Number of protein chains: 2
Amino acid sequence: MSETSLPQPLHDALLDVLGATGLLTDTTDTDPFCTDWRALYHGRCAAVLRPASTEECAKAVALCHAHGVPMVPQGGNTSMVGGATPDTSGAAVVISTTRMNRVHAIDHADLTMTVEAGVTLKAAQDAAAAQGLLLPLSISSEGSADIGGVLATNAGGNNTVRYGNARELALGLEAVLPDGSVLDVMRKLRKDNTGYALRQLLIGAEGTLGIITRAVIQLQPAPRSRETALCAVGGAAQALELFAAFRKQDPSAIHAFEFMSGTSMGLVNTLIDGATLPLEEPAPAYVLVELASPRADDSLRTLMETVLGEALESGLVTDAVLAESESQRQALWVLREEHAEAQKRAGASVKNDVSVPLAAIPALIAQATEACEALVPGLRVAPFGHIGDGNIHFNLVQPEGADPKAFLAQDHAIMDAVADIVRGLGGSFSAEHGVGQLKAYMMPAWRGGAELETMRRIKAAIDPANLMNPGKIFPAA
Amino acid sequence: MSETSLPQPLHDALLDVLGATGLLTDTTDTDPFCTDWRALYHGRCAAVLRPASTEECAKAVALCHAHGVPMVPQGGNTSMVGGATPDTSGAAVVISTTRMNRVHAIDHADLTMTVEAGVTLKAAQDAAAAQGLLLPLSISSEGSADIGGVLATNAGGNNTVRYGNARELALGLEAVLPDGSVLDVMRKLRKDNTGYALRQLLIGAEGTLGIITRAVIQLQPAPRSRETALCAVGGAAQALELFAAFRKQDPSAIHAFEFMSGTSMGLVNTLIDGATLPLEEPAPAYVLVELASPRADDSLRTLMETVLGEALESGLVTDAVLAESESQRQALWVLREEHAEAQKRAGASVKNDVSVPLAAIPALIAQATEACEALVPGLRVAPFGHIGDGNIHFNLVQPEGADPKAFLAQDHAIMDAVADIVRGLGGSFSAEHGVGQLKAYMMPAWRGGAELETMRRIKAAIDPANLMNPGKIFPAA
């Protein structure tokens, strides 16, 4: 137990602004803020600042700016890429948004929620649901991830196929800029062509341009009908064909369209208690499709039965089961949600959160499978993911009975092999999780030239002293 | 007929890059590029450059950059705010995108169109429709406006209520930056969290950060059912209540939801040949609602009849007519599309393209009506517009028989009065048309402080010499 190393004048000024509750300096208190969710990074910080309002946040940032102290914004601390973890120097402060946690208003005319950054996504979803509305963003970390973090990382998830990423859901935004000034674009306007898209720029900037403090989020009427089906298909090409068939009928009905390889589903069946495949026999691949609509009529059921009926008849789908109750629906979703856990139980694995154009998904899977099997004979190719968005978690599980360490020694070779193929197909090395620290080194190769140069110029223009979340997105020069 | 004043070395280098077809220097040829669509501005230019490819455009921009020559990007030249018109100095060149006019590809797996900037919106719509797809953006200037201009101004229109503005439709973008480097973010990815939102930033920047040269546009399946109705309502509050009733059932079915004041509809009825109100008697206000879906079933008809049935029963809607054929549908749309023309025929008018949060629309109309009537007794308050987006064209028509010039002498007093009310209601002074030259002076008052300062920093970072579309968005310092 020891005090961290905040310069005394800054400490006193921050204490004055934030109060004792808002300023953590004991390492016992600050340590949890210095390690990322995956425990890949273990940093240190000079203090954790916990402002309770935008005003407090702005004052604290202005003080840090004046003292040249780097700042690491942090929400629920669920980054997959070390995006909210300070470096090991101990020079930076972490600025946690968790105390800015009020839902200000839900507007039924505009279907919007005005919310502070520290509200967890789950709490925001619940506040909307309590008024018969839907906040159409769902990710597995939603119980901890907060609105500020979700926006800073432009989170995706299961419903992106219908509603877009977090960026598309934010109608208004407030952020504290690196110098402590407050950017207030909290307008509730669907049409407002008056200058640059600052809101969109701050969203997804991973805290490198400022700290998001409030947002106006667009809501939807809550669904009143829902149809969920698990389908056995021959592979990714057939899954895409099924997606196109649903989309042709009504793209707005598709709330989720998820792909699971037979290998990965096999692991779920074997290693997850109570996960039972409700189909006659195992298949090369599976699709979980969920249709939803605020309409209370039976048109979704008709749509589901029509498309699946034709697909079964043509052989595109070889078997299918429809959820006939909420408990059956949840059982089907278990078969989708437990892939990461099942893979963990199967031994060491290498993860690739990649995206490609839809048409390239079969090529991605075929080429990456061949490349990875050549590298490590016997490894288990276990892709799954949001195929409707072109987002595949192309995960590789160690050969059965092999030494996990020996397998993980190959992780960079495997990742590089997958990355080469993704790149050749016009894809991205990070679909959902962002760049953070983990992938910053990839930026010059993938986003180099005018793209990275323009990003650097914007960063330097808004944060000339490089004080806001340094070391994220941009590799060290 | 005379030659313009391009420096000879630059002239020769540009001629080498662009060829004779791509370089206009005779004022007879260049004059049409120097006047805006509304004929509010009459500028001069040193030449018009007409590159036929991104490569030519990049080389031409690099040359202009090297010579310190300002550049004014221009698409279909349909700006409502002088956004594509050079100033009167004659120092700038106009860079016209019209020769970059190829539709490269339509991708049925991804539902995207890869298109060059100079393709008109209409041509792009037609190319999509020819393959059974919908490009869901529609504006009145679509026959001339091109994709580059539509994106540079983040165009809106009738279908924003369903599909968002142009920014939401672009999945990929290519632009030539002010120094001639090419920003290539032509990725067809729905999930790609790898750095700043440069695409979104360039879109809506009105050509001040670069010249958009290509884009990947998201398409939709073409509608196979459509229901259109004209409804008589008591006013804006009732129109909003009706909007909420449709939205509660199925927001994705609402392709357009348009408001027309009784006064404006009266002008259409009186002054437009063949425009006949198909209702029993005139009403205080009207709504044109269009539902559409790719589904071929009768669920839209049911939805329309259910919502309108309840609204008629409760008295929310006092009368309504459903289009029973395509010609009836088009006749209803005439009653929406002819308001600008009817107002023109009624004499001088003052236009305000404003937006407010939905809940504030009745207050906007009430307060602005009172303020304008106090300023000019007898003027005709004739608002109409995209009420589902909060976007009202709050137009004022001169008193009957009054002197148009005397009325127009009051135009700034009227606009200021409306602007004050819009601002008090959290609205915007430009919903759809952008800032351009016309409204640049309003930026400091409306978007001042950290917002305008951040925009200025971004502009200076990407275009340090202020060569790209100078004088637009930002007022002279």
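Within 14 Å of another protein chain (Cβ to nearest Cβ), among the aromatic types (Phe, Trp, Tyr) and closer than 26 Å to B:HIS433 by Cα: does that describe B:PHE384? No, not satisfied. Kindly evaluate B:VAL185 against the criterion of being of a type in the set (A, V, I, L, M) and either over 23 Å from B:ASN77 (Cα atoms) or not assigned by TED's automatic domain parsing to the domain that holds B:ASP110 (or both). Spelling it out, B:VAL185 is indeed of a type in the set (A, V, I, L, M) and either over 23 Å from B:ASN77 (Cα atoms) or not assigned by TED's automatic domain parsing to the domain that holds B:ASP110 (or both). Of note, A:ALA52 satisfies the criterion of being surrounded by fewer than 23 Cβ atoms within 10 Å (Cβ to Cβ), more than 30 Å from B:SER252 (Cα to Cα) and without any contact (Cβ under 8 Å) to a residue 60 or more places away in the chain. The residues in the range A:254-305 that are part of a helix (DSSP H, G or I), within 14 Å of chain B (Cβ to nearest Cβ) and in contact with a strand residue (DSSP E or B) (Cβ under 9 Å, 6 or more places away or on another chain) can be counted, and the count is 6.
Inside the range A:237-253, residues that are within 11 Å of another protein chain (Cβ to nearest Cβ) and buried (at least 20 other Cβ atoms within 10 Å of the Cβ) make up a count of 8. Residue selection: B:SER327 fails the criterion of being outside the structural domain of B:PHE259 (by TED's automatic domain parsing) and of a type in the set (Ser, Thr, Tyr).
Would you check if there is a residue in the range B:329-336 being free of Cβ contacts under 8 Å to residues at least 60 places away in the same chain and more than 22 Å from the chain's Cα centre (by Cα)?
Looking through the range B:329-336, at least one residue is free of Cβ contacts under 8 Å to residues at least 60 places away in the same chain and more than 22 Å from the chain's Cα centre (by Cα).
Results for (1) in a loop (DSSP other than H, G, I, E, B); (2) within 17 Å of the chain's Cα centre (by Cα); (3) surrounded by 23 or more Cβ atoms within 10 Å (Cβ to Cβ); (4) polar (S, T, N, Q), shown as yes or no for each residue.
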position: A:CYS57; (1), (2), (3), (4): no, no, yes, no
position: A:ALA62; (1), (2), (3), (4): no, no, no, no
position: A:MET80; (1), (2), (3), (4): yes, yes, no, no
position: A:ASP87; (1), (2), (3), (4): yes, no, no, no
position: A:ARG99; (1), (2), (3), (4): yes, no, no, no
position: A:HIS104; (1), (2), (3), (4): no, no, no, no
position: A:LYS122; (1), (2), (3), (4): no, yes, no, no
position: A:SER144; (1), (2), (3), (4): yes, yes, no, yes
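Selection within the range A:180-218: residues that are farther than 20 Å from B:GLY427 by Cβ and either in a strand (DSSP E or B) or among the hydroxyl-bearing types (Ser, Thr, Tyr) (or both). The member of this set that is nearest to the other protein chains (Cβ to nearest Cβ) is A:SER181.
Among the residues of the range B:110-154, the ones that are within 16 Å of B:GLY164 (Cβ to Cβ) and charged (D, E, K, R) come to 0 in all. Among the residues of the range B:453-477, those identified as away from every other protein chain (no Cβ under 11 Å) and at positive phi are B:ASN466, B:ASN469, B:GLY471. Among the residues of the range A:387-421, those that are within 14 Å of chain B (Cβ to nearest Cβ), touching a helix residue (DSSP H, G or I) at 6+ places or on another chain (Cβ under 7 Å) and not in a helix (DSSP H, G or I) comprise A:GLY390, A:ILE392, A:PHE394. Answer yes if at least one residue in the range B:464-471 is part of a loop (DSSP other than H, G, I, E, B) and buried (at least 23 other Cβ atoms within 10 Å of the Cβ), and no otherwise. The answer is yes; a qualifying residue exists.
Set side by side, the residues B:ALA296, B:ALA320, B:ALA292 differ, and just one is touching a residue at least 60 places away in the same chain (Cβ under 8 Å), in contact with a Cys (Cβ under 8 Å, 6 or more places away or on another chain) and in the same structural domain as B:ASP250 (by TED's automatic domain parsing), which is B:ALA320.
Taking the criterion of being within 13 Å of another protein chain (Cβ to nearest Cβ), among the aliphatic types (A, V, I, L, M) and touching a residue at least 40 places away in the same chain (Cβ under 8 Å), the residues of the range B:140-170 that qualify are B:VAL150, B:LEU151, B:ALA152, B:ALA155, B:VAL161, B:LEU169, B:ALA170.
Selection over the range A:428-452 of residues that are at the interface with chain B (Cβ under 10 Å from one of its Cβ atoms), closer than 21 Å to A:ALA360 by Cβ and hydrophobic (A, V, I, L, M, F, W, C) gives a count of 4.
Considering only the range B:15-24, I want to know if a residue exists there that is at pLDDT 95 or above and among the hydroxyl-bearing types (Ser, Thr, Tyr). Among the residues of the range B:15-24, at least one is at pLDDT 95 or above and among the hydroxyl-bearing types (Ser, Thr, Tyr), which makes the answer yes.
Using the structure shown, decide if A:THR318 is of a type in the set (Val, Ile, Thr) and under 20 Å from A:SER225 (Cα atoms).
On the way: of a type in the set (Val, Ile, Thr): yes; under 20 Å from A:SER225 (Cα atoms): no.
Criteria not met by A:THR318.
Among residues of the range B:219-236 being more than 10 Å from chain A (Cβ to nearest Cβ) and surrounded by fewer than 22 Cβ atoms within 10 Å (Cβ to Cβ), the one that is farthest from the chain's Cα centre (by Cα) is B:GLY234.
Exactly one residue out of A:GLU206, A:GLU168 is surrounded by fewer than 23 Cβ atoms within 10 Å (Cβ to Cβ), out of contact with any strand residue (DSSP E or B) (no Cβ under 7 Å at 6 or more places or on another chain) and not assigned by TED's automatic domain parsing to the domain that holds A:ALA366, and it is A:GLU168.
Of all the residues that make up the range B:64-78, how many are small (Gly, Ala, Ser) and assigned to a helix (DSSP H, G or I)? Steps first, answer last, please.
Going residue by residue through the range B:64-78, those that are small (Gly, Ala, Ser) are B:66, B:68, B:75-76.
Then drop every residue that is not assigned to a helix (DSSP H, G or I), which leaves B:66.
The qualifying residues number 1.
The requirement of being of a type in the set (Gly, Ala, Ser), in contact (Cβ under 8 Å) with a residue 12 or more places away in the chain and within 12 Å of chain B (Cβ to nearest Cβ) is fulfilled somewhere in the range A:81-94, by at least one residue.
Among the hydroxyl-bearing types (Ser, Thr, Tyr), without any contact (Cβ under 8 Å) to a residue 40 or more places away in the chain, surrounded by 15 or more Cβ atoms within 10 Å (Cβ to Cβ) and under 23 Å from A:GLY148 (Cβ atoms): does that describe A:THR30? Don't jump to the end; show me each part of the working.
Details: among the hydroxyl-bearing types (Ser, Thr, Tyr): yes; without any contact (Cβ under 8 Å) to a residue 40 or more places away in the chain: no; surrounded by 15 or more Cβ atoms within 10 Å (Cβ to Cβ): yes; under 23 Å from A:GLY148 (Cβ atoms): yes.
No.
Pairing each residue of the range B:454-473 that is farther than 19 Å from B:THR88 by Cα with any residue that is of a type in the set (Gly, Ala, Ser) and buried (at least 21 other Cβ atoms within 10 Å of the Cβ), provided the two are 6+ apart or on different chains, yields C-beta distances under 6 Å for B:MET455/A:GLY195.
The values are calculated or read from the model by the stated rules, or taken from the named source; none is laboratory data. Small disclaimer: the values here were computed from a predicted structure and weren't measured. Glycine also receives a Cβ, built like all others from the backbone with ideal geometry; neighbour counts cover every protein chain displayed.
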